[in-house]
1. Once you put a point 7 Å from the Cα of residue 58 and another 7 Å from the Cα of residue 170, both along the Cβ direction, what distance in nm separates them?
2. Calculate, in whole percent, how much of the Cα-Cα pair population of the stretch 106-225 lies beyond 27 Å.
3. Quickly rank 98-104, 271-277, 153-159 as a protection proxy: mean count of other C-beta atoms within 10 Å, highest first.
4. Rounded, prolate or oblate for the stretch 29-115? Axes are the square roots of the Cα gyration tensor eigenvalues, ordered a ≥ b ≥ c, and the cut-off for rounded is a/c under 1.5.
5. How many angstrom separate the Cα center of the stretch 141-166 from the Cα center of the stretch 1-62?
6. Ranking request for peptides 299-306, 87-94: highest mean number of other beta-carbon atoms within 10 Å first, then the rest in descending order.
7. Hey, fewest Cβ within 10 Å first, where do 1, 315, 69 land in order?
8. Could you give the C-alpha radius of gyration of the chain expressed as a fraction of 2.2 N^0.38 Å, taking N as the number of residues it contains?
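Bear in mind these aren't lab numbers, they're just calculated from the coordinates by the rules spelled out. Nothing here was measured: the structure is a model prediction, and the numbers come from that model. So basically every Cβ, Gly included, is an ideal-geometry build from the backbone, and we count neighbours across all protein chains shown.
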C-alpha cells in the first residue's frame with residue numbers, strides 16, 4: 001500500500017525530523033513537501049532527505065499569497081499523488097494517533113471498513129505551561145488537552161482527511177476533499193468508521209464545511225494537533241506566519257482557544273520507542289543530523305532575537321497571563337458563576 005503525505009512548510013526546521021519519522025512509523029511511504037521563504041534550514045534539510053530518497057521537496061508554486069491551496073492544486077497532478085493508493089494532507093504540527101490493530105494507517109483503514117475517505121477529528125494539545133523550547137519529541141512534551149467531545153464551546157471540531165485514489169476528487173482542501181458530482185455518494189467515514197454527516201459529505205459548496213460533531217468520532221483514531229508547542233516556539237510561529245496566508249497573526253485568542261489543559265491524553269506515547277528508533281535512523285544519514293542541529297540553533301537564535309524586542313517580551317507576558325479558555329467558554333463560565341481556574 002502506497003500512502004503519500006502532502007504538506008506545506010515554512011520555517012519548521014526543528015520539527016521536521018520527528019514528523020517525518022513518526023509518519024514513516026505509521027505507514028506513510030512517500031512524502032511531498034512544498035516550502036517557501038525558509039530561513040531556518042527547513043529547505044536545506046528537506047533537500048538532504050530528498051538526496052537520500054526519503055522525501056520529495058519542491059518550491060511552493062504559489063503565485064499569490066494563498067500558498068497552501070495553490071500547492072495542493074499542483075500536488076493533485078504530481079506523480080507521488082497520482083501513484084498513491086491513499087493521500088494524507090496534514091501539517092507538521094499534526095500527528096494521527098491510531099488506536100486499533102498495530103496502530104498504523106493500514107490498521108485504521110481496515111477498522112473503518114476500507115472506505116474511500118476517512119476524516120479524523122482534531123484534538124488540540126495544550127501548551128501545558130511549557131515555556132522553553134527543547135529539542136525533544138513534541139508528542140512526549142505535550143500531553144494535555146480539552147475534552148474529547150467539546151472544544152471551547154463547540155461540539156463540531158475540524159478534521160483532516162485520508163483520501164483513497166478512487167474518491168471522486170475535484171480538488172484537495174486542507175481539511176477534506178471536494179467533489180463536483182452531486183450524484184456520487186462516496187463511502188466516507190469518521191475516525192470511528194461511521195459515515196460522516198450528510199452536510200459534510202455533500203459535493204463542493206460555498207461553505208466548504210470542514211468540521212462535524214466530535215462525540216464518538218475518535219474510536220479508531222485521533223488527530224493530535226500541537227498548534228502551540230512551547231511558548232518559545234509560539235513566539236517564533238508568530239514571527240513566521242503560516243502556510244495559509246502571509247502575515248497571519250497568532251494572537252492570544254488563538255492561544256487561549258487551544259490551551260485548555262483539562263484532560264490528560266498520553267496515549268500517543270505508544271509510538272515513543274519506534275519513533276526514536278526511526279529518528280535515529282534518519283539522523284544517521286549523511287548530513288541529516290547536522291542540518292537538524294542547525295535548524296534547532298536557528299530556532300533558538302530567532303527566539304532570542306525576538307525577545308530582544310519590547311513587543312515580543314510584551315507578547316510573551318500576555319500569553320503567560322492569558323485565559324486557558326476560549327472567549328466563548330469564558331463567557332459561559334462567567335454566566336454560570338465560575339471564575340477562571342475554578343473547577344465546576
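1. The answer from the label model is 2.2 nm.
2. 23
3. Numbers: 98-104: 16.9, 271-277: 15.3, 153-159: 18.4.
The packing order, highest mean first, is 153-159, 98-104, 271-277.
4. Numbers: a/c = 2.02, a/b = 1.69, b/c = 1.20.
Cα axes put the stretch 29-115 in the prolate bin.
5. Computed from Cα coordinates, the inter-centre distance equals 23 Å.
6. Details: 299-306: 16.6, 87-94: 22.0.
Top of the packing list down: 87-94, 299-306.
7. Details: 1 11, 315 21, 69 18.
Neighbour counts put them in this order, fewest first: 1, 69, 315.
8. Values: Rg = 19.6 Å, N = 344, 2.2 N^0.38 = 20.2 Å.
Ratio of Cα Rg to 2.2 N^0.38 Å: 0.97.
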